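Single-structure report; data block below.
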Amino acid sequence: MQGRRGCLMPTTADHAAALYAEFSIDTDALGWTWLPYGPFASEECFAAWLVETCLGDDPMFHTIFATDGTALGLASYLRIDPGNGVIEVGHIHFAPALQRTALATEAMALMMTRAFDELGYRRYEWKCDTLNVPSRRAAERLGFTYEGTFRHAAVVKGRNRDTAWFSMLDHEWPLLRSRFARWLVPENFDATGQQLSSLR
């Protein structure tokens, strides 16, 4: 999936070292807080997890690359249900260099475009821990609709997790697609890369 600022490619074992190097810049490992795995004690541990978890068909992981070839993050399609036209985006983990950037937004837009325009899905889902305020805000900013909370939906890192559900539907996508297209044009960013108009 190719964009102006970078691309997404299916994750392979060869991506492990570069991803680990970028993820390790987050020395407090805060980025792993809401995920059911991580942080990892070493590159070897991370590489073993990536091979075991990220190379299958569901979840289907993608690595996010900047235009200079730097691997900056992971995101996946999961709970893939072609029969009902439903697919979820998740397992999102961005290195510090990717967080709150135009590439981060573009990567999410590219995944939506593939799901709706290329693969014909009718429902696109986003789920997160209810305590994960940044993820909830990101879902709303990207155009997802909050649908409710599943209480005690899972046990994550030894505690009960309530899960917030968000969705985007195929008939909502054309308006959202045009919003992304307007926001992502180079003219919407100043010389320092700051947006001039918000996505909302």
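Of 67, 155, 18, which is farthest towards the positive pole of the chain's charge dipole, taken about the Cα centre with +1 and -1 on the beta-carbons of Lys, Arg and Asp, Glu respectively?
Of 67, 155, 18, it is 155.
Magnitude of the Cβ-charge dipole of segment 6-188, K/R +1 and D/E -1, about the Cα centre, nearest 20 debye?
700
For the chain, what does -39500 (n - 2.57) per DSSP helix run (n ≥ 4), summed and divided by total residues, give at 222 nm, in deg cm²/dmol to the nearest 500?
So the calculated ellipticity at 222 nm is -8000 deg cm²/dmol.
Under the definition of Cα pairs under 8 Å and six or more residues apart, what whole-number percent is the relative contact order of the chain?
Result for the chain is 17 percent.
Taking the Cβ of residue 102 as the centre, find all other residues whose Cβ is under 10 Å away and add up their charges (Lys, Arg: +1; Asp, Glu: -1).
Charge balance in the 10 Å sphere: +2.
In what order do 57, 26 fall by count of nearby beta-carbon atoms within 10 Å, going from fewest to most?
57, 26
Taking the Cα centre of each part, how many Å lie between segment 110-130 and segment 36-96?
Between the Cα centre of segment 110-130 and that of segment 36-96, the gap is 15 Å.
Bear in mind that the values in this text are calculations on the coordinates, not laboratory data. Computed from a predicted model, the values in this text were never measured in an experiment. Every residue, glycine among them, receives a Cβ derived from its backbone with ideal geometry; neighbour counts consider all protein chains shown.
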